[in-house]
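Working notes, structure below.
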Amino acid sequence: MNLDEPFTPTCSIIQKVSFGLGHVCNDLCAAMWFSYTLFYLNVVLNIKSTTAGTLLMIGQVVDSIATPIAGWAIDRTGDRRAWHFGGTIAVATGFSLLFSIKPGELTTSVLTYYVLSIMLFQVGWAIVQIAHLSLIPEISRSHSHSSDLTAIRYTASVCCSITVYLVTLMVLKTDDNSAIGPNDFYKFKEIALIIVFIGIITSLLFYCGLLGTFEISDYEALLETDDANQLNSNNHEKHFLRQSIIYLVALTYMASRLFIILNLVYIPLYLDERTEIEVVEKEKIRQTIATIPLVVYVASFITSVFLKCRGRNCPDKITYLIGGAVGLMASVWLGSGVSPNSDAELYAIAIFLGVSGSSTMIASLCLTANFVKTNGYGGGQVYSIVTFTDKLISGAVVLLVQNFQCSPKNLCPHYYENVLSYICGIVSLVGIASLVVLEVKIRGNGRLPR
């Protein structure tokens, strides 16, 4: 060994495991935010659909605005773990406050309380997300390492969602067979406090595991032979916002994330909608609201583990294409109608949704990490731009869906079924189309896959 050669740090097992724990607090809160917050505001607090949708939209807008600001600040200072710590405190505080009061009536002061709690939560969420994502190109030294970290991150995210649904199933379980309503306020509060506690513990383990990890001011460009997705622009001096590739990569991520979010938000409401047109036991309603989303994430977990071991035989673009096609099939199945009281069909669709979400999310994040590494850009700003669109658009879509809801609801008995089939199907098509355009552009630039 030549002692004069510079030491190149590697991505150790401890770093990989610790990295996977760094987004757990965010993922736990996000799983409940998207899966149950709208349901909680509508059904438990009896807040109107339009008002509940507006609150969710405010959160997404704040998150989208905070994201590029956080990316710029994190790249400017370089201290990603300090930003991560501050963001985690904001997430834990804001999310706990959101589920802490049961207002007698929806006054201006109560709305202000909810808006401020949501803003604190979402600003913290954006900071933690970008600080954590920008660590991928910092501690990895090859596309393989980046793919491993991305798969580990998503696997941890899936485990968080499974944890939330298991906690929800246990806490909501009751012997009186009553429907979920205002009396369940303290149960939802208990769920929120449990997941925040778990998130804080895992964040502490993350800081301990990455203690002493090297910091670098600039990202080391990968060797040309490791540019697995041919995303090297060959013009590193050109600002990344002036390159069309980043917008196509952002579109693939946006489509994947929006598909996952819409399913998280509207599956519980869709299941509740089915009870209005089918004779279903009250206790069964409580179980399916927790178990159907749980099946989605078990399928996601299994898929993410499989993708962790895929190697180069299944490239990121092929993985995304397969995942998008599976998601489109699930949407078509929902649109064609699920047989009354057919739990088997619901669980099969849930598996399809899990496979699709996991495949497209991991593939799009791998594409982003590859773009950062091959072009030597600051990860914070790139990731903030990539994640900006999904936050703003997802909030806008939820707001529109809630505002177009029929009043009274029995005028549109299949409303949420149509949301999950048509809107999610269109989103899958957008993701696939973005991937095709990206591939055409790469081939047009003469960067054919080797």
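The values are calculated or read from the model by the stated rules, or taken from the named source; none is laboratory data. Since this is a predicted model, take the numbers as computed values, not measurements. We place every Cβ from the backbone using ideal geometry, glycine too, and count neighbours over all the protein chains shown. Heavy atoms of the whole protein, side chains included, go into the accessibility calculation; ligands, DNA and RNA do not. Shrake-Rupley method; radii C 1.70, N 1.55, O 1.52, S 1.80 Å.
Extension gain for LEU116-LYS187 works out to 23.3 nm (0.36 nm per residue, less the C-alpha to C-alpha distance). Across segment 418-423, coupling constants 3J(HN,Hα) worked out from phi with the 6.51/-1.76/1.60 Karplus curve, θ = phi - 60°, read 5, 4, 5, 8, 6, 5 Hz, and Gly and Pro carry x. Computing FRET efficiency as 1/(1 + (r/R0)^6) for THR77 and LEU205, where r is the C-beta to C-beta distance and R0 is 22 Å, gives about 0.40. Amide H contacts for ASN46 (H built 1.01 Å from N in the peptide plane; partners 5 or more residues away or on another chain; cut-off under 5 Å): none found. Per-residue packing, averaged as other Cβ atoms within 10 Å, sorts the ranges 95-101, 130-136 into the order 130-136, 95-101, beginning with the highest. Rolling a 1.4 Å probe over the protein heavy atoms leaves GLU273 with an accessible area of roughly 20 Å². Counting only heavy atoms of the protein chains and using a 1.4 Å probe, TRP83 has close to 80 Å² of accessible surface. The packing ranking of peptides 17-24, 253-260, highest mean first, is 253-260, 17-24, where packing means the average number of other beta carbon atoms within 10 angstrom of each residue. At the residue level, ILE423 shows approximately 50 square angstrom of accessible surface with a 1.4 angstrom probe and all protein chains present. Rounded to the nearest 0.05, the FRET efficiency derived from the C-beta distance between ILE89 and ALA396 at R0 = 35 Å is 0.75.
Cross-link pairs exceeding 23 Å in C-alpha to C-alpha distance, out of LYS48/LYS102; LYS173/LYS391; LYS102/LYS173; LYS48/LYS189; LYS48/LYS187; LYS308/LYS391, comprise LYS173/LYS391; LYS308/LYS391. When peptides 348-354, 149-155 are ranked by their average number of other Cβ atoms within 10 Å per residue, the highest-first order is 149-155, 348-354.
Counting only protein chain heavy atoms and rolling a 1.4 Å probe, the accessible areas of SER109, SER244, SER304 rank, largest first, as SER109, SER244, SER304.
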